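Below is one structure; the comments refer to it alone.
Just so you know, all these numbers are worked out from the coordinates, no wet-lab data involved. Every value quoted in this text rests on a predicted model; they were computed, and no experiment measured them. A quick note on method: Cβ atoms are made from the backbone with ideal geometry, for glycine too, and the neighbour counts reach across all protein chains shown.
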Amino acid sequence: MEAGMARKSGRAALTLAPGESKTLKALAASRTAPVREAERAKVLLGYAAGTSITDLQRQLGCSRPMIYRCVDKALAGGVQMGLKDKYHRPHEPEITDAAKAWVVSVACTKPKDHGLAAELWTISALARFVSEGARGAGFERLANAGKSTVWRILNERDIKPHKIRYYLEKRDPDFERKMQEVLLVYRDVSIYSEGAVHDARPNAIYTVSVDEKPGVQAIGLSAPDLPPVPGKAQTIGRDYEYVRRGTVSILAAIDLHSGQIFANVEDRHRSVEFIALLKRLDEHYPQDAIIRVVLDNHSAHISKETTAYLATRPGRFEYVHTPKHGSWLNLIECAFSKMARTFLRHIRVQSVDELKERILKGVAEFNSTPVVFRWNKFDLGVA
């Protein structure tokens, strides 16, 4: 009777090998197997025993379509096929190239261009804007686009509108020429390992790099520092709060031949302070020598007061200007960097005068073992 019911469904009988029957029984009784596989094992065992589809539906509480699919797969491909779902990858909504291009074009603008307050997009804000404007732009598929969809589109084009990478625009039309002039000076200095440069001119030439480091802060403690304590505190303890006591400017020159640093620490950096540094250089070098000064175009360097002083010492100073935004070409910056990494690092003082004293003391320590900074790479753009 049961076999007849199976034939009544129009499907062939299912014959199980001993091993298959054992596997299905174990799976049907399992408490750890996936529920769907356990149900299908019961379906196949019942169908193989001749139970009708109607009885299987009533006994197991399964739907007829599910039973039919399970039996048909087992008859077509074997018991294991009947137990498994055939995996169907969900169909991803097609987003056209034109839609992607629109998303990228929006990402390449700023939110403020669309009447929003933000300066840069976040992925969430961009996804919301895309979703709200998709239908109006003719891209229905993007109406429900989320952050992941927008992120994938941007990632395909390597666009990151939520980030900023800074650059420095060239504002000096003579940048290359001025850079080559500075590098030529450095090359001349490198040829003479000791002493002054002697080119075709009769007088010796001493080359110095000059600049200012303004805004060095005199910061004081609001509470005493706590020293390290073995077994308790590995580091110096310092209160988060501090006291601002003012600022100073370091006006400095470094002799590119010897590494000696000339530094004045001033409250301001005007023409009068710069002239004081020039006078110090004038006193230091032989009177018949030329002092070649590598410096930028700071107003104090070319002011009327400075020009008037230079006129009183004709032929004594020779300017070599770095290009605008080319301060990295000035080797005095190496000395300033060394100061920031050594005696200025974490410095705390009780007054501006103490800061001045400690800066001059730090410079004196540098000069006790001077370091000659050299420019090692000369790409002059000439054959």
Rounded to the nearest 500, the 222 nm mean residue ellipticity computed for the chain from DSSP H runs (n ≥ 4, each -39500 (n - 2.57)) alone is -13000 deg cm²/dmol
So the angle from the long Cα axis of helix 175-191 to the longest Cα principal axis of the chain, reported in degrees to the nearest 10, equals 60 degrees
As straight-line cross-link partners of K178, the qualifying aspartates and glutamates (C-alpha separation under 15 Å, not fewer than 8 residues apart within one chain) are D296, E318, D379
Of region 221-250, those with amide N under 11 Å from the point 7 Å along the Cα→Cβ vector of D267 are 247
Descending packing, highest mean Cβ count within 10 Å first, for 289-299, 19-29, 248-258 is 248-258, 289-299, 19-29
Nearest-0.05 FRET efficiency for R152 and K112 at R0 = 25 Å, using Cβ-Cβ distance, is 0.45
For the E318, R165 Cβ pair and Förster radius 30 Å, calculated FRET efficiency rounded to 0.05 is 0.20
One computes Rg over Rh for region 177-368 from alpha-carbon atoms, with the Kirkwood Rh, and obtains 1.05
Rounded to the nearest whole number, the Stokes-Einstein translational diffusion coefficient of the chain at 10 °C and 1.306 mPa s (Kirkwood radius, C-alpha pairs) in µm²/s is 53 µm²/s
Low-density loop trypsin sites (Lys or Arg not before Pro), region 254-288, at most 14 other Cβ within 10 Å, DSSP non-H/G/I/E/B, are R268
Partner lysines whose C-alpha sits under 30 Å from that of K163, ignoring same-chain residues fewer than 8 away, are K100, K110, K112, K147, K324
Per residue convex hull volume, Cα only, region 311-381, in Å³ is 192 Å³
Here the residues of region 162-191 lying in the modelled label zone of H325, meaning backbone nitrogen under 18 Å from a point 7 Å along Cα-to-Cβ, are 164-180
Restricting to lysines and to Cα separations under 25 Å from K22, and discarding same-chain partners fewer than 8 apart, the set is K42, K73, K84, K86
